[in-house]
Amino acid sequence: MKFRAAIASSDRENVNMHFGKCEAFTIAEYDGASGDYRITEVRSVRPPCPSCGTNGDPDDAINAVIDAISDCDAVIVSRIGKWPDSLLYERGIKSVQCSCSIEDVFKEKIADLL
């Protein structure tokens with residue numbers, strides 16, 4: 001089973017960003033058969049958080065981020081608000097909050113993702 005996650009990370013090693021403040025998501029693919037993961041790309045987004053300088057409709061800003069990661073099965077973040085979490089859920093994208101290394105996500109938190 002293949003699984004794709006969008007990870008909110010400022011350094012591409014740790015889950016350390018809030019969903020609304022994340023400027024780029026690290027995309028990783030997990031292979032359930034082998035238990036291995038690999039980082040495939042980094043996707044830049046415009047943070048939807050109003051204090052980050054987002055102009056315009058907040059709904060549009062959050063939906064633009066969700067559109068950018070819509071091919072992912074999960075979003076892994078240090079924090080996420082109830083509103084974006086519910087929008088992700090409506091699109092079939094699971095969210096997981098944690099503060100750990102990306103490696104630990106796939107070693108210790110994978111059951112939360114599947």
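The values are calculated or read from the model by the stated rules, or taken from the named source; none is laboratory data. Keep in mind the model is a prediction, meaning the values are calculated, not measured. Counting neighbours? That spans all protein chains shown, and the Cβs are built from the backbone with ideal geometry, glycine included.
Do any residues in segment 76-99 that are under 14 Å from residue 63 (Cβ atoms) have Cβ atoms under 9 Å from those of residues that are among the polar types (S, T, N, Q) and part of a loop (DSSP other than H, G, I, E, B), where the two are at least six apart or on different chains, and which pairs are they?
Matching pairs, first to second residue: 91/70; 93/70.
What is the one condition in (1) farther than 18 Å from residue 95 by Cα; (2) within 12 Å of the chain's Cα centre (by Cα) that residue 60 does not satisfy?
(2)
This table checks each residue for (1) surrounded by fewer than 23 Cβ atoms within 10 Å (Cβ to Cβ); (2) more than 17 Å from residue 72 (Cβ to Cβ); (3) of a type in the set (Val, Ile, Thr).
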site: 4; (1), (2), (3): yes, no, no
site: 7; (1), (2), (3): no, no, yes
site: 16; (1), (2), (3): yes, yes, no
site: 19; (1), (2), (3): no, no, no
site: 27; (1), (2), (3): yes, no, yes
site: 33; (1), (2), (3): yes, yes, no
site: 40; (1), (2), (3): yes, no, yes
site: 49; (1), (2), (3): yes, yes, no
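For segment 65-114, how many residues meet the condition of being farther than 20 Å from residue 1 by Cα and among the aliphatic types (A, V, I, L, M)?
Residues that pass the stated criteria total 7.
Among the candidates 66, 80, single out the residue that is under 23 Å from residue 114 (Cα atoms) and either in contact with a Gly (Cβ under 8 Å, 6 or more places away or on another chain) or at pLDDT below 95 (or both).
80 is the lone residue from the list that is under 23 Å from residue 114 (Cα atoms) and either in contact with a Gly (Cβ under 8 Å, 6 or more places away or on another chain) or at pLDDT below 95 (or both).
Taking segment 60-77, which residues are crowded, with 19+ Cβ neighbours inside 10 Å and touching a strand residue (DSSP E or B) at 6+ places or on another chain (Cβ under 8 Å)?
If the condition is that a residue be crowded, with 19+ Cβ neighbours inside 10 Å and touching a strand residue (DSSP E or B) at 6+ places or on another chain (Cβ under 8 Å), then 69, 72, 74, 75, 76, 77 are the ones that fit.
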